[in-house]
1. From the list 90, 24, 100, 64, exactly one residue is surrounded by 12 or more Cβ atoms within 10 Å (Cβ to Cβ) and either within 30 Å of residue 3 (Cα to Cα) or not basic (Lys, Arg) (or both). Which is it?
2. For region 63-75, does any single residue satisfy the condition of being over 23 Å from residue 28 (Cβ atoms) and modelled with pLDDT under 90?
3. Taking residue 14, is it touching a residue at least 24 places away in the same chain (Cβ under 8 Å) and more than 11 Å from the chain's Cα centre (by Cα)?
4. Tell me, please, whether a residue that is outside any helix (DSSP H, G or I), on the phi > 0 side of the Ramachandran plot and modelled with pLDDT under 95 can be found in region 84-96.
5. Considering only residues that are among the β-branched types (Val, Ile, Thr), within 23 Å of residue 23 (Cα to Cα) and either in contact (Cβ under 8 Å) with a residue 40 or more places away in the chain or touching a Phe, Trp or Tyr at 6+ places or on another chain (Cβ under 7 Å) (or both), which ones fall in region 41-72?
6. Examine region 55-77 for a residue that is closer than 30 Å to residue 109 by Cβ and not aliphatic (A, V, I, L, M), and state whether such a residue exists.
7. Just give me the residues in region 40-61 being of a type in the set (A, V, I, L, M) and either farther than 20 Å from residue 6 by Cα or not in a helix (DSSP H, G or I) (or both), in sequence order.
8. Tell me which of these residue 51 doesn't satisfy, since it passes every other one: (1) among the hydrophobic types (A, V, I, L, M, F, W, C); (2) modelled with pLDDT under 95; (3) crowded, with 16+ Cβ neighbours inside 10 Å.
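The values are calculated or read from the model by the stated rules, or taken from the named source; none is laboratory data. Just so we're clear, the structure is a prediction, and the values are computed from it rather than from any experiment. Cβ atoms come from the backbone with ideal geometry, glycine included; neighbour counts cover every protein chain shown.
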Amino acid sequence: MITLVQDYLAAVLILIGSAFSLTASIGLLRLPDLYTRMHAASKAGTLGSCVVLLALAVHANDPAISLRALAGIAFFVLTVPISSHLLAKAAHGAGYPLWAQSVRDDLSASPDAADSGPEKAK
């Protein structure tokens, strides 16, 4: 009985993880610039991968496999935000332009960009 519940729970988690991964891949194709594409890949792609690994941990009857899947989730959660932030900062430093309709550029050194922040509106 528990195995049947584990199978259904794992199937639901795989469907949820696949939906998030599909959303990330659509975001990579449809979003306008490098920075928003990177955001879609790092957030939705990470969540999709973590949910699929969680499905593996639920489905596996071996504690070693479940522990490895949970370690993979921890690895994704700890490394992907840092690496995507550093890649975006390097792309900005290399001169990749923001989308033309971007509202604000926090990494820009120009005084106009610094004056448009919410702390200056007070």
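1. Values: 90 fails: surrounded by 12 or more Cβ atoms within 10 Å (Cβ to Cβ); 100 fails: surrounded by 12 or more Cβ atoms within 10 Å (Cβ to Cβ); 64 fails: surrounded by 12 or more Cβ atoms within 10 Å (Cβ to Cβ).
Among 90, 24, 100, 64, only 24 is surrounded by 12 or more Cβ atoms within 10 Å (Cβ to Cβ) and either within 30 Å of residue 3 (Cα to Cα) or not basic (Lys, Arg) (or both).
2. First pass over region 63-75, keeping only residues over 23 Å from residue 28 (Cβ atoms): 63-71, 74.
Restricting the remaining residues to those that are modelled with pLDDT under 90 gives none.
Scanning region 63-75 turns up no residue that is over 23 Å from residue 28 (Cβ atoms) and modelled with pLDDT under 90.
3. For residue 14, the condition - touching a residue at least 24 places away in the same chain (Cβ under 8 Å) and more than 11 Å from the chain's Cα centre (by Cα) - is met.
4. The first filter runs over region 84-96 and keeps only residues outside any helix (DSSP H, G or I), leaving 95-96.
Filter again for on the phi > 0 side of the Ramachandran plot, leaving 95.
Add one more test, that the residue is modelled with pLDDT under 95, and what stays is 95.
Yes: region 84-96 contains one or more residues that are outside any helix (DSSP H, G or I), on the phi > 0 side of the Ramachandran plot and modelled with pLDDT under 95.
5. Taking region 41-72 as the starting set, the residues that turn out to be among the β-branched types (Val, Ile, Thr) are 46, 51-52, 58, 65.
Next, from what is left, pick out any that are within 23 Å of residue 23 (Cα to Cα): 46, 51-52.
Of everything in region 41-72, those that are among the β-branched types (Val, Ile, Thr), within 23 Å of residue 23 (Cα to Cα) and either in contact (Cβ under 8 Å) with a residue 40 or more places away in the chain or touching a Phe, Trp or Tyr at 6+ places or on another chain (Cβ under 7 Å) (or both) turn out to be 46, 51.
6. Taking region 55-77 as the starting set, the residues that turn out to be closer than 30 Å to residue 109 by Cβ are none.
No, that holds for no residue.
7. The initial filter retains those residues of region 40-61 that are of a type in the set (A, V, I, L, M), namely 40-41, 44, 47, 51-58, 60.
Correct list: 40, 41, 44, 47, 60.
8. Among (1) among the hydrophobic types (A, V, I, L, M, F, W, C); (2) modelled with pLDDT under 95; (3) crowded, with 16+ Cβ neighbours inside 10 Å, the lone unmet condition for residue 51 is (2).
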